[in-house]
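These notes concern the structure reproduced below.
What follows is calculated from the coordinates using simple rules that are stated; it is not laboratory data. Keep in mind that what you see is a predicted model, and the values were worked out from it rather than measured. Glycine gets a Cβ as well: all are built from the backbone with ideal geometry, and neighbour counts include every protein chain shown.
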Amino acid sequence: MPNFFKNLKQLFSVSSPSSTENFLKIKIKCKKCSEEININMRKSSDFSRVYEEDNAPAGASFFLRKEVLGNKCNNLIYFSAYFDENFNMISKEIEGGEFL
């Protein structure tokens, strides 16, 4: 009987694209407490489009700015990055932490 319900669930559920298609993942480390923090960035909403009048590096199509607060301390980590059309990172800056 469990297989029947499993098959029924698959029949009526909407398949979602894999997480690798929708998200980029970055790991950072807090400089204050050394906590390692995983950050998931949604391609559809976390990134801003770069336009010609923006002061961006050559080849940049997207910009991302994040403020991250870990669980161990109150140190706010700021990072920003530019990405090309395929979401490959072109340049990055971080304050209060480091990229892993």
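The dipole here belongs to region 19-99: it is taken about the Cα centre, uses +1 on the Cβ of Lys and Arg and -1 on the Cβ of Asp and Glu, and is about 460 debye.
Grab region 19-99 and count how many Lys pairs have their alpha-carbon atoms under 16 Å apart, sequence gap of 8 or more, or different chains. Taking region 19-99 as the scope, the lysine pair count is 13.
Please list, by residue number, every one of the chymotrypsin sites (Phe, Trp or Tyr not before Pro) in region 28-100 that is coil in DSSP and has at most 12 other beta-carbon atoms within 10 Å. Here the sparse-neighbourhood loop sites are Tyr51. A simple count of charges around Ser48, restricted to other residues whose Cβ falls under 13 Å of its Cβ and scoring Lys, Arg +1 and Asp, Glu -1, yields +3.
Select from region 14-93 those GluC sites (Glu not before Pro) which occupy a DSSP coil region and have at most 12 other Cβ atoms within 10 Å, ordered by residue number. Answer by residue number: Glu52, Glu53, Glu85.
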